[in-house]
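Here's the structure, in structure tokens; my notes come after.
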Amino acid sequence: MESQKQFPQTFSFEFFPPKTEEGVQKLRGVREELARLKPLFFSVTFGAGGSTQQGTFNTVVEIQQSGNAAAPHLSCIGSTKDSIRKILNSYQDNGIKRIVALRGDMPSGMQEAGEFRYANELVEFIRAETGDHFHIEVAAYPEFHPQAKDAQTDLLNFKRKVDAGANSALTQYFYNIDAYIHFVEDCEDAGVNIPIVPGIMPITNYKNLARFSDMCGAEIPRWIRKRLEAYGDDVASLRAFGLDVTTELCHQLLEVGAPGLHFYTMNQTEPTLQIWQALAL
Ligand SMILES: Cc1cc2nc3c(=O)[nH]c(=O)nc-3n(C[C@H](O)[C@H](O)[C@H](O)COP(=O)(O)OP(=O)(O)OC[C@H]3O[C@@H](n4cnc5c(N)ncnc54)[C@H](O)[C@@H]3O)c2cc1C
């Protein structure tokens, strides 16, 4: 973990683009409250295959205009170079300086036609088109990407993104700190020298978390899963336990030298704010 300690600890919050006017209003309030915590940036997800392109753009521009730094996610699978170029230009025109570059997943039913196969190709393209304009974030997987051939190949594929010009990484969420520490140490051994900021998923709903974790290859340790299952409809107890677990994880991460935290807010203030307050950040 030594190399991570050279980087300042930064904090960021992730949103998804709301689909309704009510969602837009709600997110505005959430953003205003979380902005008081002075994050380095707010990031906004991008639906696979470009399905939220306009929503991501609108959300990002509103954040930027409110005086906070915004980082749009951009996934490349199924896209042409021309369409990505247009999106990059529109972000540059609106003063956006940071981007989260991803491969993404094809929505079922959509053909995989496109000019990019992997995120490293997108990073390379962004650098070739826009030079050093953007600070490029990429995704990292301490518990490995679900489609990875094996752990070592996944690590080398992560390194390809760094070699292509990524400045820093945000991780998939995890609840086992050893996975993060081992991943970061393997990165150090492989000569990767960028901040790898852990992604934090607050625990508020067991069924959704279990379903999503299965899909994205994040493990909920048995001792946590069993307790969450047992709470059933007792949402208050589930959240209190979830808050304890995630706060302790964040505390330990910062102690061992993680270069900050990236919160998956799910467009809600409370779960993230409660962890923040419990950490006394
Ligand atoms: C912080 C974060 C934010 C995210 N935001 C979004 C979002 O906004 N929208 C969205 O749709 N999804 C998002 N995702 C999910 C992400 O799109 C999926 O996990 C996707 O399956 C992989 O994207 P990637 O950029 O990590 O892909 P890649 O880095 O391209 O890796 C994908 C897989 O291909 C392998 N691989 C990579 N490069 C090569 C290569 N050159 N040759 C052979 N194999 C290779 C890797 O080992 C891995 O198994 C996010 C994930 C994270 C961690």
Please work out which one of (1) out of contact with any helix residue (DSSP H, G or I) (no Cβ under 8 Å at 6 or more places or on another chain); (2) at pLDDT below 95 is the condition Asp105 fails and give its number.
(1)
Flagged in the stretch 148-167 as small (Gly, Ala, Ser) and either buried (at least 21 other Cβ atoms within 10 Å of the Cβ) or in contact with a Leu (Cβ under 6 Å, 6 or more places away or on another chain) (or both), in numbering order, are Ala164, Ala166
List the number of the failed condition for His73; all other conditions in (1) modelled with pLDDT of 95 or more; (2) more than 10 Å from the ligand (Cβ to nearest atom) hold.
(2)
Could you run through the stretch 40-71 and say how many residues are in contact with a His (Cβ under 9 Å, 6 or more places away or on another chain), open to solvent by less than 30 Å² (accessible area, probe 1.4 Å) and part of a loop (DSSP other than H, G, I, E, B)?
1
So, in the stretch 153-199, how many residues would count as being of a type in the set (Gly, Ala, Ser), in contact with a strand residue (DSSP E or B) (Cβ under 7 Å, 6 or more places away or on another chain) and more than 18 Å from Gly260 (Cβ to Cβ)?
1
Answer with yes or no whether Met110 is farther than 26 Å from Lys226 by Cα, among the hydrophobic types (A, V, I, L, M, F, W, C), outside any strand (DSSP E or B) and open to solvent by 50 Å² or more (accessible area, probe 1.4 Å).
yes
Of everything in the stretch 148-162 that's of a type in the set (A, V, I, L, M, F, W, C) and more than 9 Å from the ligand (Cβ to nearest atom), which residue is farthest from the chain's Cα centre (by Cα)?
Ala151
So, in the stretch 209-238, how many residues would count as being within 16 Å of the ligand (Cβ to nearest atom) and within 24 Å of Asn267 (Cβ to Cβ)?
9
Some residue of the stretch 238-252 being charged (D, E, K, R) and surrounded by 17 or more Cβ atoms within 10 Å (Cβ to Cβ)
yes
Which members of the stretch 116-147 meet the condition of being within 10 Å of the ligand (Cβ to nearest atom), open to solvent by 30 Å² or more (accessible area, probe 1.4 Å), on the phi < 0 side of the Ramachandran plot and part of a loop (DSSP other than H, G, I, E, B)?
Arg117, Tyr118, Tyr141, His145, Pro146, Gln147
Of (1) among the hydrophobic types (A, V, I, L, M, F, W, C); (2) within 17 Å of the chain's Cα centre (by Cα); (3) surrounded by fewer than 22 Cβ atoms within 10 Å (Cβ to Cβ), Ile200 fails just (3)
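The values are calculated or read from the model by the stated rules, or taken from the named source; none is laboratory data. Not measured: the values here are computed from a predicted model. No Cβ is skipped: glycine too gets one built from the backbone with ideal geometry, and neighbour counts run over all protein chains shown. We work out accessible area using only protein heavy atoms, side chains counted, and drop any ligands, DNA or RNA first. Shrake-Rupley method; radii C 1.70, N 1.55, O 1.52, S 1.80 Å.
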